[in-house]
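Written out below as structure tokens is the structure these notes cover.
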Amino acid sequence: MTIVEQTTKQQIRSAPSWFSRLRDSDLWWSFTHHPSAVGAAILLLLLIGSAFLAPLITVQNPYDLASLDLLNAEIPPIWMEEGQWPFILGTDTQGRDLLSAILYGSRASIVIGAASVAVSLIVGSALGLVAGYYGKWADGLLMRAGDVLLSMPTMLIAILVSALARQALPPSLREVGASGVIVLAISLSAWVQYARTVRALTMVERNKEYVQAARLIRVPTWRILIKHILPNTTTPLLVTATLNFGLGILIEATLSFLGVGMPPEQPSLGTLIRIGNQFLFSGQWWIVLFPGLQLCLLVVSINVLGDWLRDALNPKLR
Amino acid sequence: MIAFLVKRVGNAILVMLTVAFFAFLIFRFLGDPVEMMVNESATQVERDELRSRLGLNDGFLVQYLRFVTNAAQGQFGLSWRNQQNVITLIGERFPATFELVIIATILSLAIGIPLGVFTAIGRGRWWAEGLQFSSIVGVSLPSFFVGIILILAFSVSLGWLPGYGRGEVVQLGWWSTGLLTPSGRAAIVLPALSLSLFQITLVMRLVRAEMLEILRADFIKFARARGVKRRALWFRHALKNCLMPVVTLTAMQVGNLIAFALVTETVFQWPGMGMLFMQAVTFVDIPVMAAYLCIVSFIFVTLNTFVDIAYAVIDPRLRAA
Amino acid sequence: MHLSRILVGGVALLALAMPATAGTLKWGASRDISSLDPYSYGDSFALGVLNHAYEGLVRYDRNLKIEPALATSWEIVSPTTWRFKLREGVKFHNGADFTAEDVQASLKRASDPKSPLRGNIPAYKGSRVIDAHTIEIDVSAHYPLLPNDLTTIYIFDAGWLKDNNAEAPTDVGSGSEGYATYNENGTGPFKVESRQPDAKTVFTKFDGWWDKTEHNIDRIELTPIASPATRVAALLAGDIDFTDQAPVQDLPRLAASPEVKVLEGTDLRTVMIGFSQRDQLLSGAANPMKDLRVRQAMQLAIDLDLINKKVMRGKSRNAGALVAPQIPGYDAALDTPVKADPEKAKALLKEAGAEGFEFEFNCADSLVNEEQICQAVASMWSRVGLKPKLDQGTRAVQTPKRSAGKVDVYTLGWATLPMLDTYSLTSQVLHTKEGSFGIFNWGGWSDKEFDKVTEASAVELDQTKRLAMEAQSLKIAKEHALMIPLHQQPLAWATTAKIKDFPLFSDNLPRLWLVKM
């Protein structure tokens, strides 16, 4: 092994990982000095925690039809005159405990939002890396595909895919498939953003000396891409991913509200609002209000965090 | 410049052809058109006859080319549900959506720009930071929920404004407008507000960011040093310089607003293209869905291309891109 | 200058466009009609709306009994031939005279192979013009229900159809619009002034109507408002004067308002649940519902009282029979609702070896609170250990699956419209699927004895004997637990208080020519 090779390898090894960069940066300092970010983080932790602990802390499984009793339908929240224990936030038209439904629904929303970010992040970065590194036709193809997808509004694609794909699904897959279809519907246009970011950064990085050195010593291409180029893109990707997480949850809720998202027997927050909306004027305001508030809290806390993260990671504003 | 124009327009056409391809796939392969058209007692012979009459036995490419040729001439066939020309149906609904989107855009500029300027010049003060924070809340609120709350508050509880429909409309040729009647103007307030909320926060944040950038620029510092009044500085010099990105954003967002109007239109029962599309989804009226996809994308692509070209005219450096 | 001219023009137009509010009835419906052509879909609601512009030879009166309309009298001249005397002096909206030619052209159009309305006149064979105001109609067999069928066969003007190339029903496949889709020329009390699909359809009074005008409406504006909550808000705000679909959950609030009058009754529509009788379920497993005990168990699991109380707010009528009491052929002896007994249901399922089997439950969205009913029923079945998989979708999505027989268990609402006779149910829903029979027999049930009784009832001219036969076929259906009847759904209309007289019809079709504002 020559000296040149050794130093190159060392350089490569000491290229800071995203974790150490986060720790070394003044991100933590910034975080502790932004009360809104701290508040949002605590709120988000609470919301996510309660959603995932839902089976342990709720009084019923709202997805299990056998646990519902129509006798308990439309009980108002506990502090109202006709309120009944254990239905703290009241029940919906099927006797579903609203708090349980909200927590299970939040879980569905969070999982779908996170899955859509994961799918589009992985697909987008992979394609972006390839396009940025190889250029030529791979790049052209990717950019055109991106142009096409971005020329159709995200919401429209999501509605079309969700409405049409669910019908094409065989009945046996429909139950599991519903959330998968939504993830697909959201990711279909979301990956472009990641791909473009990664592509741009890759094009800058691939001409840098350390990459050329790595190429010289025949480090496999996939290794260069993943170990050396990809880490440079984490900062912008992190911000985009956070904001898209909130956006994914919003799109899922909108789809469900429009009736092309989660089915009524597996209600997500949007489904609950859609059903409650039919009963808005007949006195059962709680069926709309509480899921709506939960949805707002969830997305606001994510976006506040994302907003802080963007400012904190943006060197211009420091 | 000519080369740039050709490239941009060529790109736009390529994009539209691909969109048309998707629309064609939807039209052709989701739900057998023949099964949707015949009544259930039709015989196999009748079905086959219809199939060949519709040209469904031709080659894939031939069918696609025919679809594109027809689409370019605005022929998307008949709606399966209404049995009317799809393009007539969409044309009738276009003014409603257009007015909603335009009013929402005006609202977003009229509210967003001043708010953006204030949050920029008041940076660090509690009210500016509070506004900036509430803008995040504005981006985060689901527009359908905002719509429901607006209806509940202003229409049901207070009874100030109507919560559905377009009110009385007036025909000006083929264009139907609700802006010339009191009931029409009242009816547009809530939906336009609900649609513009997201856009307001977008404009506000953009103006704030641009203003902060510009206020740091040298020419502003010089102007300050020369004793130009602060107010003149903010509104005449600084704001003027950040309007270009705002105009761009607004132009690029029109397509998104049209798409987002589907949600608003559903909540407010606004008889625009979006509601037509949602009804088509409900009734699996594929020709309407395909046509809507093509038309909205066309508007989107056209606006984007215009913005690109306009930029290139203003700034020759971008022509290379 | 240009702009100002447009504005001035707009103001002038505005002055013209503002209708006099006196005598305008704003109707907020839950959905729109799909076309102005009454032969475009066999949809009861659309036919009911279009009945304001178009009329048939006969119509239903205030008590839903047949009365003369465009025909003044009729007689049976041979077992398979009916002769109709037509009303003289009737004018179409375009001024043309109404003659036998028009009836013949309309019958031809309605019975065209491409006509979706063909099923409404199953027995029709052909017609002969005898003179300008007499026509003979041939039917395939003895068929006492022909006048009932003719209530929805609206009469077009033959000349108008010919001039506008609309003699055949609109064929979506042809790619060209049908003239009758957005133009109207009937003989009814109102004519169509303008129409914007899914937004607004305007009817105005037709001064040359042949019948005595009882109403005082100059103008009807039909606006579809899909969201029930919005419909209620619009009514309370006075934006609409009438809705034929007041949500049951909002009735107390509407009734409490001094601005609103609520009209309540029971719909003729019976809501029921049907089973697949094929050998296999959709999942490929053997179909346990071929066993009578399983069907009975599924019926015993359903608590009708609870659905009535919670989902229908006490406004529905629990049913034991498959038709409403008003329908000829109804037998009170059959109309005892089954009491829920989950324990017995479990025991029966155990006995039949069908515990915990999984099936698809196909639900649509066209019945009153259908989504809620389906969830409640699915939950009740789950509680006796069954595993229903709810497949909820819009009617347009579910109908193709249903008519292709791709269902295990499904909901159905049947009002026997437009025939208003038990034969509509027995021939269309329960008879073996063959020919024009059993079009809605989605479960694929077939019973020789049942078919025999049903077919015999169709050609029996003695009314008493015929009704006894129909009751007999209903009894067979009940013994086999072929369908589970749930309830007759509630009928709730609401109008603003200013409307004086608004007759309620249990077929849920408003007849505004009988309304006084």
Computed on Cα atoms, the radius of gyration and Dmax of the protein assembly as shown in angstrom are 32.6, 114
Env charge @ C:Ala456, Cβ radius under 13 Å, K,R +1 / D,E -1, value -2
Among the DSSP H helices of chain A, those whose Cα atoms extend at least 27 Å along the helix axis and whose mean Kyte-Doolittle hydropathy is -0.5 or higher are A:98-134, A:171-205, A:234-258, A:286-313
Singleton cysteines, the protein assembly as shown, no second Cys beta-carbon under 4.7 Å -> A:Cys296, B:Cys242, B:Cys294
The C/A contact buries a total accessible area, at probe radius 1.4 Å and rounded to the nearest 100 Å², of 2400
Fraction of alpha-carbon pairs in chain C farther than 45 Å apart, rounded to whole percent, equals 17
In vacuo Debye sum over C-alpha of region A:62-203, base-10 log of normalised intensity I(q)/I(0) at q = 0.09, 0.11, 0.17 Å⁻¹, listed in q order, is -0.45, -0.60, -0.95
Beyond 22 Å (Cα-Cα) in this structure, taken from C:Lys26/C:Lys162; C:Lys433/C:Lys478; C:Lys310/C:Lys475; C:Lys125/C:Lys406; C:Lys290/C:Lys346; C:Lys65/C:Lys315, we find C:Lys26/C:Lys162; C:Lys310/C:Lys475; C:Lys125/C:Lys406; C:Lys65/C:Lys315
Diffing region C:74-83: the Karplus 3J(HN,Hα) column from phi (6.51, -1.76, 1.60, θ = phi - 60°), in whole Hz with x for Gly and Pro, holds 8, 8, 9, 8, 9, x, 10, 10, 10, 10
If every Lys and Arg gets +1 and every Asp and Glu gets -1 at its Cβ, then about the Cα centre chain C yields a dipole, in debye to the nearest 20, of 1020
Relative contact order in percent for chain C (Cα pairs under 8 Å, 6+ apart) equals 19
Scaled by the rule-of-thumb 2.2 N^0.38 Å, the alpha carbon Rg for region B:137-211 gives a ratio of 1.33
Taking every C-alpha to C-alpha distance in region A:180-318 and binning by 10 Å from 0, the per-bin percentages run 11, 27, 25, 18, 11, 5, 2, 0
Probe 1.4 Å, heavy atoms of protein chains only: per residue, the accessible area of the protein assembly as shown in Å² is 41
Here the relative contact order (percent) of chain A, from C-alpha pairs under 8 Å and at least 6 apart, is 22
In square angstrom to the nearest 100, the accessible surface buried at the B/A interface, both sides summed with a 1.4 Å probe, amounts to 3500
B:Leu131 neighbourhood, Cβ < 11 Å, K/R = +1, D/E = -1, net charge +3
Karplus-derived 3J(HN,Hα) from phi for region B:81-97 (6.51 cos²θ - 1.76 cosθ + 1.60, θ = phi - 60°), whole Hz, x at Gly and Pro, runs 8, 8, 6, 10, 4, 4, 5, 5, 4, 5, x, 5, 8, 4, x, 4, 5
Note to self: C-alpha centroids of region B:167-232 and region A:104-121 sit apart, in Å, by 34
Cα extents of region C:402-511 per principal axis, largest first, Å, are 56, 39, 26
Percent of all Cα-Cα pairs per 10 Å bin for chain B, counting from 0 up to the last occupied bin, reads 5, 20, 25, 24, 16, 7, 2, 1, 0
re region C:464-517: pairs of Cα atoms spaced beyond 15 Å account for a percent value of 67
Rg from C-alpha atoms of region A:18-132, normalised by the globular rule of thumb 2.2 N^0.38 Å, equals 1.53
In order over region C:426-433: 3J(HN,Hα) from phi, Karplus 6.51/-1.76/1.60, θ = phi - 60°, whole Hz, x for each Gly or Pro, gives 5, 7, 8, 9, 10, 5, 3, 6
Rounded to one decimal in Å, the inverse mean reciprocal Cα-Cα distance for region B:167-251, i.e. its Kirkwood radius, is 15.9
1/(1 + (r/R0)^6) with r = Cβ-Cβ of A:Phe52 and C:Thr134, R0 = 56 Å, i.e. FRET efficiency to nearest 0.05, evaluates to 0.10
Computed about the Cα centre, the charge dipole of chain A from +1 Lys/Arg and -1 Asp/Glu charges at the Cβ has a magnitude in debye, to the nearest 20, of 1900
Of all DSSP beta bridges having both residues in the protein assembly as shown, the percent classed as antiparallel (nearest 5) is 80
Taking region C:369-416, the equivalent ellipsoid from its C-alpha gyration tensor has semi-axes in Å, biggest first, of 20, 13, 10
Across the alpha-carbon set of region C:171-321, Rg over Rh with Rh taken as the Kirkwood radius works out to 1.11
What one gets for region B:89-200 as the Kirkwood radius, inverse of mean 1/r over different Cα pairs in Å, is 15.5
Note on chain A: the mean projected area of its alpha-carbon convex hull, in nm², is 20.7
Per residue, the convex hull enclosing the alpha carbons of region C:228-279 has a volume in Å³ of 114
Quarter of the surface of the C-alpha convex hull for region C:98-238, i.e. direction-averaged projected area in nm², equals 11.7
About its Cα centre, the protein assembly as shown carries a charge dipole, from +1 on Lys and Arg Cβ atoms and -1 on Asp and Glu Cβ atoms, whose size in debye to the nearest 20 is 5400
Calculated from DSSP helices alone, with each H run of at least 4 adding -39500 (n - 2.57) and the total divided by the residues of the protein assembly as shown, [θ]222 nm to the nearest 500 comes to -16500 deg cm²/dmol
Both in Å, the radius of gyration and Dmax of the C-alpha trace of region B:93-282 are 19.1, 65
So, with points 7 Å from each Cα along the Cβ direction, the C:Asp462-A:Asp311 label distance in nm works out to 9.2
Most packed first (mean Cβ within 10 Å per residue), the peptides A:226-234, C:77-85 order as A:226-234, C:77-85
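The values are calculated or read from the model by the stated rules, or taken from the named source; none is laboratory data. Because the structure is predicted, anything quoted here is derived from the model rather than measured. Positions of Cβ are generated from backbone atoms using ideal geometry, with glycine treated the same way; all protein chains shown enter the neighbour counts. Note: areas computed on protein heavy atoms with side chains; ligands, DNA, RNA excluded. Shrake-Rupley method; radii C 1.70, N 1.55, O 1.52, S 1.80 Å.
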